[in-house]
Amino acid sequence: QNIFFQASNPGQFENDSDVLWQRGHVPEAIAYHGRVGINTDTPDEALVVCGNAKVMGRVMHPSDSRAKQNIREVDTNEQLRRITQMRLVEYDYKPEFASVMGIKDT
């Protein structure tokens, strides 16, 4: 799989030491050690997207006990009481949205 980049400034990537994109350690992966901006040239995070993003899978945010402290059991009756105060809804996707997103079961 080939990936092509075109710089807005011709010659911007002429020096090999300036190239930060590298093949990943797993098949079909690439790595960039820095910040990436889509529709912005001033990303202030690892990835900044200025515009809509279409995700056809899950966005995963790993979390486990190694990243937490003060883990304790909660009062399940209190949590159930809080849930009864939430607004829960059911819905169907609009056909035009489902069609564009490739959703069959609306």
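Here Val55 fits the description: part of a loop (DSSP other than H, G, I, E, B) and under 30 Å from Trp21 (Cα atoms). Of the residues screened, Asp41 is one that is open to solvent by 90 Å² or more (accessible area, probe 1.4 Å), assigned to a loop (DSSP other than H, G, I, E, B), modelled with pLDDT of 90 or more and not small (Gly, Ala, Ser). Remark: pairs (first residue in segment 74-99, at pLDDT below 95; second residue assigned to a loop (DSSP other than H, G, I, E, B); Cβ separation under 6 Å; 6+ apart in sequence or on different chains) = Asp92/Thr106; Tyr93/Ile103; Tyr93/Thr106; Ala98/Thr106. Looking across segment 52-85, just one residue is within 30 Å of Thr40 (Cα to Cα) and among the hydroxyl-bearing types (Ser, Thr, Tyr), and that is Ser63.
In segment 48-56 there is at least one residue that is at pLDDT 85 or above, farther than 30 Å from Asp105 by Cβ and under 24 Å from the mean Cα position of the chain (by Cα).
The values are calculated or read from the model by the stated rules, or taken from the named source; none is laboratory data. Bear in mind that the values here come from a model prediction, so they are computed numbers and not experimental data. Here the Cβ is made from the backbone with ideal geometry for all residues, glycine too, and neighbour counts use every protein chain on show. Only protein heavy atoms, including side chains, enter the accessible area calculation; ligands, DNA and RNA are left aside. Shrake-Rupley method; radii C 1.70, N 1.55, O 1.52, S 1.80 Å.
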